[in-house]
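Data block below; observations after.
The values are calculated or read from the model by the stated rules, or taken from the named source; none is laboratory data. These numbers were taken from a predicted model, which means no experiment stands behind them. All Cβ positions, even for glycine, are placed from backbone atoms using ideal geometry, and neighbour counts span all protein chains on display.
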Amino acid sequence: MSSADSDSESDSVMPRRSRVGRVVRAITSPYYRYRHAKLLHSVRVGLAMIVSILATTGINIPHGIWSSVTLLVVIGGLQHHGNIRKKAADRAVGTLLGASIGLVLILQQNLFGSLWLTYVLMSIVAGICAWYAIGKAGYIGLLTAITMCIVAGHGDNMIDTGLWRTLNVLIGIVIALAFSFALPLHATYSWRYLLADNLRGCARIYTRLVDGAPFDADEQLKTFLELNARLVQLRALMPSVAKEIEAPPGKLEEIQRVHRAVLSALEIMATGALAQANATGRAAFARQCGAEARAVRAMLLAMARGLRFGGAARFLAPKVVLAHGPGSAIAQQLAPELQGPYWLSERLIEQVDHLRALLLETEPNWNIERHGPQVRAVARSG
């Protein structure tokens, strides 16, 4: 083989290897999984489905369809790791309990031969399951009733049919639990990335307001709708985040509250007297708040980078010192209608610094790529 051929072969191999490496890095990247969560979840469920088909119908196990049905019920709607750990277990317990009740109903039907007794018993069990379905054990109660019907039918199934369906239910549960932990999307990462996006948005809005570039009505509406939509998403993620990182729910609630206060302050500034001021008034406001505004912008962006990439050091931005109060001589230099926005800006700075302190305090919990469970346990005990 000539040296030219060798070089050509190595050139063709190296890009292929690098492409494979990029694909592997992308799939294992938390941010990639966050950006493509629906795609990964659908691929995971699709692969689990083909495995369930091959494991049952592929080897002629009777009633193999119920393995696939169980698989879809157990993990079809579960995406975040915090949900999977608890809800998949709850659904598995409910499915096993329902299968056991279904077999008992078939046995009593064969023993007494009364369909009406079977109907009454099934209705009683369904009522009990409905009682527990509204509450913390909701998934267990719901899946118990569904699986009871799968196994027992309306009491007319034979015992061998019930046993085969129970076996398929167990196979579906095993496959579902095995695939539920394949490349899971941690709710903690979604929470971090959404909060980072909002903090970057807050930095842009605050800088623009202080620099005297108000929003038009349509742009303002669109901007704050996006920020508030992420705020609602963060609220929905908090229970799963609390389960994953074992953080005190009160701390997450406080972070959410301060974040909401920052958004509210910005929205008032964007729609209040500052937005209605003339060019001269906005220029005077910018001169008084310019230095603090730059420091707040740096703090917001530092928090966003810390949440995006991890690392407490990124939060150690210089703390903003409030040198001026609302009644100070500098505040009084502003027009009377701008003293309110100036006071609100000072309160906004306090809230941003409070948010920085909260995120820095809880960093050992949410920075899961850096800190393991043992470190978080030490942090909690300390």
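What's the number of the only condition in (1) in a helix (DSSP H, G or I); (2) modelled with pLDDT of 75 or more that Ala247 fails to meet?
(1)
Quick check: anything in region 146-155 modelled with pLDDT under 80 and more than 30 Å from Ala261 (Cβ to Cβ)?
Looking only at region 146-155, we keep the residues that are modelled with pLDDT under 80, and these are 154-155.
In the following step, the residues that additionally are more than 30 Å from Ala261 (Cβ to Cβ) were identified as 154-155.
Looking for residues that are modelled with pLDDT under 80 and more than 30 Å from Ala261 (Cβ to Cβ), one finds at least one in region 146-155, hence yes.
Among all residue pairs at least 6 apart or on different chains, which show Cβ distances below 9 Å where the first residue, located in region 223-245, is within 18 Å of Tyr189 (Cβ to Cβ) and without any contact (Cβ under 8 Å) to a residue 40 or more places away in the chain and the second is surrounded by 14 or more Cβ atoms within 10 Å (Cβ to Cβ) and among the charged types (D, E, K, R)?
That search, which allows pairs on different chains as well, returns Arg230/Asp197; Leu231/Arg260.
Select from region 256-286 the residues that are hydrophobic (A, V, I, L, M, F, W, C) and modelled with pLDDT of 90 or more and write down the one among them that is farthest from Leu221 (Cα to Cα).
Val258
Residue-wise test of (1) under 26 Å from Leu344 (Cα atoms); (2) at pLDDT below 90.
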site: Arg200; (1), (2): yes, no
site: Pro214; (1), (2): yes, yes
site: Ala217; (1), (2): yes, yes
site: Ala229; (1), (2): yes, no
site: Leu234; (1), (2): yes, no
site: Ser240; (1), (2): no, yes
site: Glu254; (1), (2): yes, no
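Restricting the search to region 109-137, which residues are surrounded by fewer than 16 Cβ atoms within 10 Å (Cβ to Cβ), assigned to a helix (DSSP H, G or I) and not aliphatic (A, V, I, L, M)? Show your work before the answer.
Step one: list which residues in region 109-137 are surrounded by fewer than 16 Cβ atoms within 10 Å (Cβ to Cβ), which gives 110-117, 119-120, 123-124, 127-128, 130-131, 134-136.
Now drop any that are not assigned to a helix (DSSP H, G or I), which leaves 110-112, 115-117, 119-120, 123-124, 127-128, 130-131.
Within region 109-137, Asn110, Phe112, Trp116, Tyr119, Ser123, Gly127, Trp131 meet the criteria.
Just to verify a result, which residue in region 162-208, among those that are aliphatic (A, V, I, L, M) and either on the phi > 0 side of the Ramachandran plot or not in a helix (DSSP H, G or I) (or both), is surrounded by the fewest Cβ atoms within 10 Å (Cβ to Cβ)? It would help to see each step written out before you state the result.
Taking region 162-208 first, the residues aliphatic (A, V, I, L, M) are 163, 167, 169-171, 173-178, 182-183, 185, 187, 194-196, 199, 203, 205.
With either on the phi > 0 side of the Ramachandran plot or not in a helix (DSSP H, G or I) (or both) added as a condition, the list becomes 182-183, 185.
Working: Ala182: 12, Leu183: 14, Leu185: 23.
Ranking the qualifying residues of region 162-208, first place goes to Ala182.
Give me the residue from region 311-366 that is closer than 20 Å to Leu301 by Cβ and among the hydroxyl-bearing types (Ser, Thr, Tyr) and, out of that set, modelled with the lowest pLDDT.
Ser345
Tell me, which residue of region 244-267 that is buried (at least 20 other Cβ atoms within 10 Å of the Cβ) and within 15 Å of the chain's Cα centre (by Cα) is farthest from Trp343 (Cα to Cα)?
Glu244
Between a residue in region 28-49 that is within 20 Å of Gly310 (Cβ to Cβ) and any residue that is in a helix (DSSP H, G or I), which pairs come within a Cβ distance under 7 Å, given they are 6 or more apart or on different chains?
Pairs that qualify, where the first residue is within 20 Å of Gly310 (Cβ to Cβ) and the partner is in a helix (DSSP H, G or I), are Pro30/Tyr189; Tyr31/Tyr193; Tyr32/Ala26; Arg33/Leu40; Tyr34/Tyr189; Tyr34/Ser190; Tyr34/Tyr193.
Pairs, please: C-beta under 8 Å, at least 6 apart or cross-chain, first residue farther than 20 Å from Arg230 by Cβ and in region 259-280, second assigned to a loop (DSSP other than H, G, I, E, B) and at pLDDT 60 or above?
Cβ pairs passing all conditions: Leu274/Pro214; Ala275/Pro214; Ala275/Phe215; Ala279/Gly212.
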